[in-house]
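FYI, it's all coordinate maths here, none of it is from the lab. Since we're looking at a predicted model, the values are computed, not measured. When we count neighbours, we look across all protein chains shown, and the Cβ atoms used for this are built from the backbone with ideal geometry, even at glycine.
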Amino acid sequence: MPEVVSEHDSVNAQYRVVAEDEITNVADRFDAQGNRCKFCETGLRCSICSQGPCRITPKNPRGACGIDGAGMVMRGVLHQNVMGLAAYTHHARDVAKTLIATGQGTTPFTIADESKLDLLAGVLGIDEPDVLARAEAVGKGILESLSQDSSEESIWVEALAPESRKKVWRELGIFPGGGLIEIMDATTRSMTNIDGDYVSLAKTCLRMGIATFYGVQVPLEMGQDALFGTPTPHEAKVDLGILDPEYINILPNGHEPFMGFALVQAAEAEEVQQKARDLGAKGLRIVGSIETGQEMMQRLETSDVFVGLTGNWICQEYAIATGAVDVFAMDMNCSIPSLAEVAEKYGTRLVAVSHVIGVPGMPSRTSQNARGGPPTPSRTPRTS
Ligand code: SF4
């Protein structure tokens, strides 16, 4: 059992709570893994086909298929690259769909920063005077760009990358197309007996990096700035100590902040706060968790409704163990598979607000789309 699991006193205090209650948690699980497998640590193992698993040793320098150690390692790195690009492409697609829905007037959102919408519109060649029609067109343009063929040059990279870098990328053959097609090409390439050359695999990794940043993360972040405002430096609170058990606390958790912003808007209504008071709580608060909380915190001032950020994904079991979390609303990314046991012990309702989230034993899933819309707290709040 580790003595100290965090630089944060609140996390250490909550660790002692779960340890005493013998509840599964990340610090104990990490510790229990002990010394890691040397083959896995060095990337010299592979199990992607039925001829494996294979391991590279001095006596056996190739897998059963014939791939060497360098190829095996780089193919493993490429698989990880593909997962990263896929997850960000998923997020960018949801931003695009939210822009479209906002333009059509079917979300609770408006365009908070028109300059960011204009930046995106400029790259996409959209000249539409009406801001909502422009948001819809930009959303559709982003969606289309994600499927740009890999034989073409990404419009985002072409518009936004420095000329000196584009020249090098063209020479190396790593100027990417759209994220979705790049994922398809890279996944195909990294199957058994397709690309076993560590050099071309490494180049594909670089190509994935360019596609991820310019082709996906830039439209994703600029789109969120357009929807929710551009982040500005300001004071905010980050710690498990912001959880007050006198309030109903809803924690939007994940990477995509649509539900979180919709929740804040809904919770600002006096009738919602009165309902919480009628149930015996002091009110209802939205408390950010991991990247979703960070996306919210960097754009929202601390208020009576939005009170800050609990911490990163490693904190989520310790946050729930405070007993102050009524609803843990899980959007895309970073809801750990062991949450149900912790949630049951400390009285938290788990609600998946993304169709890609799957936590064994979770009782609730909302139909998730790009329109936002808050889940309804269904538990009586604790008042002590
Ligand atoms: S792809 Fe090659 S190294 Fe990997 S499991 Fe199959 S045979 Fe073994």
### Task
Could you calculate the contour length gain from Leu206 to Ala13, that is, 0.36 nm times the residue separation minus the distance between their Cα atoms, to one decimal place in nm?
65.2 nm
### Message
At a 10 Å Cβ-Cβ cut-off, how would you order Asp195, Asp118, fewest neighbours first?
### Response
Asp118, Asp195
### Query
Quick one: if you stick a label point 7 Å off each Cα along the C-beta vector at Glu301 and Thr230, how many nm between them?
1.9 nm
### Query
Which of Pro219, Pro231, Pro257 moves the most in a Gaussian network model of the chain with Cα springs under 10 Å?
Pro231
### Summary
Measuring from its Cα centre, region 69-228 shows a charge dipole (+1 at each Lys and Arg Cβ, -1 at each Asp and Glu Cβ) which, in debye to the nearest 20, is 600 debye
### Query
By Kyte-Doolittle mean hydropathy of at least -1.0 and Cα axial length of at least 27 Å, which whole DSSP H helices of the chain are selected?
69-103
### Query
Percentage of Cα-Cα pair distances in region 240-365 greater than 24 Å, rounded to whole percent?
19 percent
### Query
If the viscosity is 1.002 mPa s and the temperature 20 °C, what translational diffusion coefficient in µm²/s does Stokes-Einstein give for region 112-209 when Rh comes from Kirkwood over Cα pairs?
143 µm²/s
### Task
Enumerate the residues in region 190-220 having an amide nitrogen under 17 Å from the point lying 7 Å beyond the Cα of Ala64 toward its Cβ.
191-194
#### Entry: Residues Val4 and Asn35, FRET efficiency given R0 of 22 Å [Cβ-Cβ distance, rounded to 0.05]
0.60
#### Entry: Cross-link pairs Lys166/Lys203; Lys140/Lys203; Lys116/Lys140; Lys167/Lys203 - those with Cα-Cα distance over 20 Å
Lys140/Lys203
## Note on the structure
If one builds a Gaussian network model of the chain from Cα atoms under 10 Å apart, the most fluctuating residue listed among Val123, Val168, Val131 is Val168
### Cut-off 16 Å (backbone N to label point 7 Å along Cα→Cβ of Val356), residues of region 144-180
146-147, 179-180
## Note on the structure
Expected max-MSF residue from Asp28, Asp94, Asp225 in the GNM of the chain (alpha carbon, under 10 Å) is Asp28
### Principal axis box of region 1-157, alpha-carbon based, largest edge first, Å
65, 51, 25
### Message
Using helices alone, I'd like the mean residue ellipticity at 222 nm for the chain: each DSSP H run of four-plus residues gives -39500 (n - 2.57), total over residue count, nearest 500.
### Response
-14000 deg cm²/dmol
### Task
Take every Cα pair under 8 Å in the chain that's 6+ residues apart, average their separations, divide by the length, and report that relative contact order as a whole percent.
17 percent
## Note on the structure
Using alpha carbon centers only, region 106-137 is separated from region 46-93 by a whole-angstrom value of 41 Å
#### Entry: Area projected by the alpha carbon convex hull of the chain, averaged over all directions, nm²
21.7 nm²
### Query
So which aspartates and glutamates pass the test for Lys275, namely a Cα distance under 20 Å, with those fewer than 8 places away in the same chain ruled out?
Asp244, Glu246, Asp304, Asp326
### Query
Once fully extended, how much extra length lies between Lys282 and Cys49, figured as 0.36 nm per residue of separation less the alpha-carbon to alpha-carbon distance?
78.2 nm
#### Entry: Longest DSSP-loop-exposure-free segment, trypsin sites (Lys or Arg not before Pro), the chain, at most 10 other Cβ within 10 Å
60-384
### Query
Taking neighbour Cβ counts within 10 Å as the exposure measure, how do Thr188, Thr24 sort from fewest upward?
Thr188, Thr24
